[in-house]
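Only one structure is covered here, and it is reproduced in the block below.
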Amino acid sequence: MKRVQVVIIGSGPSGLMLGHILHRAGIETIILESRSQDYVLARVRAGLLEQGTVDLLRDNGLAGRLDREGLIHHGMALAFDGERHRIDLSGLAGGKVVTIYGQTEVTRDLMDARAASGAPTVYEAEAVTPHAFDGEAPRVTYVKDGVTHEIACDFIAGCDGYHGVSRASVPAGAIATYERVYPFGWLGILAEVPPVDHELIYANSPRGFALCTMRSSTRSRYYVQCPLDDRVEDWPDDRFWDEIRRRVDAPTAEALVTGPSFEKSIAPLRSFVAEPLRFGRLFLVGDAAHIVPPTGAKGLNLAMSDVRYLAEGLLEHYGEKSSGGLDAYSGRALDRIWKAVRFSWWMTTMLHRFPDQTAFDQRMQEADLAYLVSSQAAMTSLAENYVGLPV
Ligand code: FAD
Ligand code: DHB
């Protein structure tokens with residue numbers, strides 16, 4: 001049987017980042033990924049990185065292209081009731097900024113670094129299964145090209161996303177889950193058109209939420225809230241552009257440059273947390289352990305702070321022969337996770353139209369927004385959460 005120190009399940013941003021940090025520290029890993037490399041690279045998702053995520057990438061020698069191509073943002077805007085209100089993020093949050101750099105680009109940089117390091121990744125690994133992680137000798141089996149393989153290891157990192165096998169392998173009595181499912185989705189498009197503004201605009205309108213974001217100075221990403229049962233075929237480009245124009249303030253609608261979309265997808269919105277994050281020698285990391293609705297852009301960033309905590313614990317285990325960091329992992333990570341769950345739930349609740357919203361709920365939303373943009377204290381709270389709470 002083959003043996004490595006840490007088996008990582010999943011080659012999304014969590015698995016690749018963890019693999020990179022461990023490899024730099026001389027800890028042997030193998031990454032097992034159920035999809036093909038091209039499939040993982042083509043998945044369009046997050047775009048906004050907190051300062052802490054950028055710092056983690058930079059500290060690990062991964063920020064070359066990010067520093068050249070990432071767009072640094074000092075502020076963002078909230079649009080409601082026909083007006084746009086800028087929030088001075090860096091002014092309110094002690095100089096911290098956020099960076100626009102697509103998850104696809106982060107993934108590409110991480111995959112390039114892994115290929116250069118020679119550390120192994122098995123793509124299109126089928127039936128990946130963690131075994132015996134409640135004892136001293138865990139193993140992982142998988143099937144590749146019809147052949148079953150078995151790897152012995154010290155630890156298993158479950159970085160395999162919400163639908164992965166890692167969390168599903170934990171006995172039901174050992175795990176608690178918390179969930180809220182929102183009654184709408186986000187329809188997102190990518191188009192090769194310049195962004196409507198150099199900063200992001202989050203819009204609350206009677207027709208629902210809209211978000212104007214970007215991937216570069218020539219590539220835009222737009223989202224609109226849509227019913228959960230809508231399909232992308234229901235949304236030809238013309239309908240999409242008409243709809244977003246009706247949801248933003250008039251000057252923004254006027255300035256919007258439209259063009260053919262080259263990607264269009266619908267994502268459901270959910271808040272979900274599993275506790276704890278450690279089961280013997282199995283650790284859950286990133287979307288395998290928690291999901292947040294995209295409003296506020298916390299998902300990828302939370303995955304990166306989990307990785308930082310787990311990597312610190314593993315480095316301490318192998319370097320200093322101390323289990324302190326690994327013992328603390330679940331508690332440290334969950335402390336930050338719940339605060340991000342609260343923030344993204346609050347942003348989602350404040351900015352979307354809910355199908356069962358009462359007149360009272362509507363007034364509360366309006367008061368929440370009016371208070372927010374009139375109070376330095378409230379804007380400071382938004383800013384410190386948006387740029388990312390301390391890691
Ligand atoms: P994933 O990216 O899901 O990676 C898990 C990997 O494991 C996948 O490659 C999967 O194929 C693999 N896998 C699954 N099952 C198995 C198995 N059984 N065996 C082996 N491999 C398996 N976050 C932000 O921070 N900012 C944003 O702006 C933002 N915007 C978003 C917009 C949208 C529309 C969506 C959908 C998400 C957004 N997110 C955002 C969230 C972010 O994309 C995720 O939080 C992030 O991808 C989590 O990374 P991960 O590596 O933990 O999981
Ligand atoms: C993006 C997505 C988000 O959910 C968000 O809050 C900000 C930016 C994006 O895809 O760029």
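The values are calculated or read from the model by the stated rules, or taken from the named source; none is laboratory data. What you see is a predicted model, and the numbers here were worked out from it, not measured in a lab. Cβ placement follows ideal geometry from the backbone for every residue including glycine, while neighbour counts extend to all protein chains displayed. Heavy atoms of the whole protein, side chains included, go into the accessibility calculation; ligands, DNA and RNA do not. Shrake-Rupley method; radii C 1.70, N 1.55, O 1.52, S 1.80 Å.
Data overview
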quantity	calculated
Per-residue SASA entry for residue 186, accessible area with 1.4 Å probe, Å² rounded to 10	10
For a label point 7 Å along the Cα-to-beta-carbon line of residue 250, residues of segment 176-206 with backbone N under 17 Å	206
Within the chain, percent of DSSP bridges classed antiparallel, to nearest 5	75
For residue 98, distant residues with modelled amide H under 5 Å away	73
DSSP bridge pairs, segment 1-119: antiparallel proportion in percent, nearest 5	70
Amide H contacts of residue 170 (H built 1.01 Å from N, under 5 Å, at least 5 apart or other chain)	none
Ordering of 208-215, 313-320 by packing [mean C-beta count within 10 Å, highest first]	208-215, 313-320
Solvent-accessible area, 1.4 Å probe, carbon plus sulfur percent, for segment 45-135	45
Positive-pole candidate from 228, 201, 52, dipole of the chain, charges at beta carbon	52
Residues of type aspartates and glutamates that residue 144 reaches as a straight line, Cα spacing below 16 Å, ignoring anything fewer than 8 places off in the same chain	33, 124, 126
Only Lys, Arg (+1) and Asp, Glu (-1) charged, at Cβ; segment 157-311 dipole about Cα centre in debye	560
Solvent-accessible surface (1.4 angstrom probe) belonging to residue 147, in square angstrom, nearest 10	80
Backbone N within segment 196-212 under 20 Å of label point (7 Å from residue 234 Cα along the Cβ vector)	205-211
R0 of 56 Å, Cβ-Cβ distance residue 356-residue 168: FRET efficiency to nearest 0.05	0.95
The chain: calculated mean residue ellipticity at 222 nm from DSSP helix runs of at least 4, using -39500 (n - 2.57)	-11500 deg cm²/dmol
Within-9-Å neighbourhood charge of residue 105 [Cβ basis; K, R +1; D, E -1]	+1
Amide H within-cut-off set for residue 226, under 5 Å, with H built and near neighbours excluded	185, 186, 187
